[in-house]
1. Using the per-residue mean of other Cβ atoms lying within 10 Å as a proxy for protection, in what order, highest first, do the peptides 333-339, 169-175, 277-283 fall?
2. Over the chain, give the accessible area per residue in Å² for a 1.4 Å probe, as an integer.
3. State the extension gain, in nm to one decimal, for the chain segment bounded by L87 and A338, taking 0.36 nm per residue of separation less the distance between their alpha-carbons.
4. Write down the radius of gyration of the chain and its Dmax, each obtained from C-alpha positions, in Å.
5. Lys and Arg at +1, Asp and Glu at -1: add these up for the other residues within a Cβ distance under 15 Å of L152 and post the number.
6. For n ≥ 4 DSSP H runs only, could you compute -39500 (n - 2.57) per run for the chain, divide by its residues and tell me the 222 nm figure to the nearest 500?
7. Where the centre of each part is set by its Cα atoms, how far does the stretch 181-247 sit from the stretch 75-154, in angstrom?
8. Which order do the peptides 314-325, 254-265 come out in when sorted by mean C-beta neighbours inside 10 angstrom, highest first?
Amino acid sequence: MLAHTKSGLIRNRAFGAWRQFFACAAVLFVHACSAPPSQALRLGINPWVGYDPVVLAREHGLFDPGDLRVIELETSSESIRQLRNGLIDAAGLTLPEAVELAAAGTDIRIVALLSLSRGADAVLAGSAVHNVSQLRNARIGLEDTALAAVMLRRVLEAGGLRRDEVRLVTMPLTDHEMALSRGQVDAVITFEPVVSRLAAAGFVVVYDSAEMPGEVVDVLVVRGDTLAQRPEQVQALLSAFEQGRRRMLANPDESARALAPGADLSVAEYLTALSRIRLFSLQQSAEMLRAVPDVPVLGLDQLSADLKSGRRMMLEPEWTRLFAPEPAALAAAANREARR
């Protein structure tokens, strides 16, 4: 009887120990699932001079790598794919790309307006082509992106051309130079730093974003769940862009020497490329975001019409939900306080 009781006590203690183990494991599991992830926020950017402030900030150690990891991708299409699939948390995109992505159902927020293109996006062709009307029957290389589609519409309008009077050749940004140089296409719709590299090779700019004022804007987007769970890291991301922008504008020659090799440009070519965009300050971005949808520089009505007519979206997103002004306002206030 005693042996039986002792055996039962041992079993009960063993059962109690296992029950305590599983209870602790359950608590740890629930805590792990509910606690915000501690990993750095993953930012995806493709080659574009307007995203270089954050690259400069990284090179000068202006942000904590525990807060932010910059992932350099080849194309904006890759940024979009990884953002949609949750492989990155944030990305630099053009406004048309961001609007198209949101309209397709991806939960994102635009937390900053980064830059305005004033010639940094362009159509280049061989030296025999002097204006866009001469692109009739031309093979035009372009990415399958919302911005390229908008630019194509403007080019056709400027040249008095119909859509069926040109042949479109869809290709990634990485193929633009080779395709034009080898005569596989007659023109390309592209952007810096490819614009400067092609111009240096003798190709001619026949149309650029300076002729579509206010229409080519780049933005910073984050996933909705990222903003909800890690607002401090989003603010750190905004601060990184702002600190990099300030350093770039305060020391343009030094910045160009650091960044030009990565763009495969000379220092002079890089400075020219940089002059073709307007970098918005964090404060300017916060003020414009607060005014959405009534922000002339964004041209949301025209953009919506272009994307719908091009069948790139059916219904426009809810603008006041898509644009999130709070992170930029908080980051701008924190930066002002830090500079006092």
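The values are calculated or read from the model by the stated rules, or taken from the named source; none is laboratory data. What you see is a predicted model; the values in this text were computed from it and never measured. Don't worry about glycine lacking a Cβ; one is built from the backbone with ideal geometry, like all the others, and counts go over all protein chains shown. Remember, those area values only see protein heavy atoms, side chains included, never the ligands or the DNA or RNA. Shrake-Rupley method; radii C 1.70, N 1.55, O 1.52, S 1.80 Å.
1. Values: 333-339: 11.7, 169-175: 16.1, 277-283: 20.4.
In descending order of packing, they fall as 277-283, 169-175, 333-339.
2. Values: 16300 Å² over 340 residues.
Accessible area per residue: 48 Å².
3. 87.1 nm
4. Both quantities, over Cα of the chain: 25.1, 106 Å.
5. Around L152, the surrounding residues sum to -4.
6. Result for the chain, helices only: -15500 deg cm²/dmol.
7. Answer, in whole Å: 9.
8. Details: 314-325: 16.4, 254-265: 18.2.
Result, highest mean Cβ count within 10 Å first: 254-265, 314-325.
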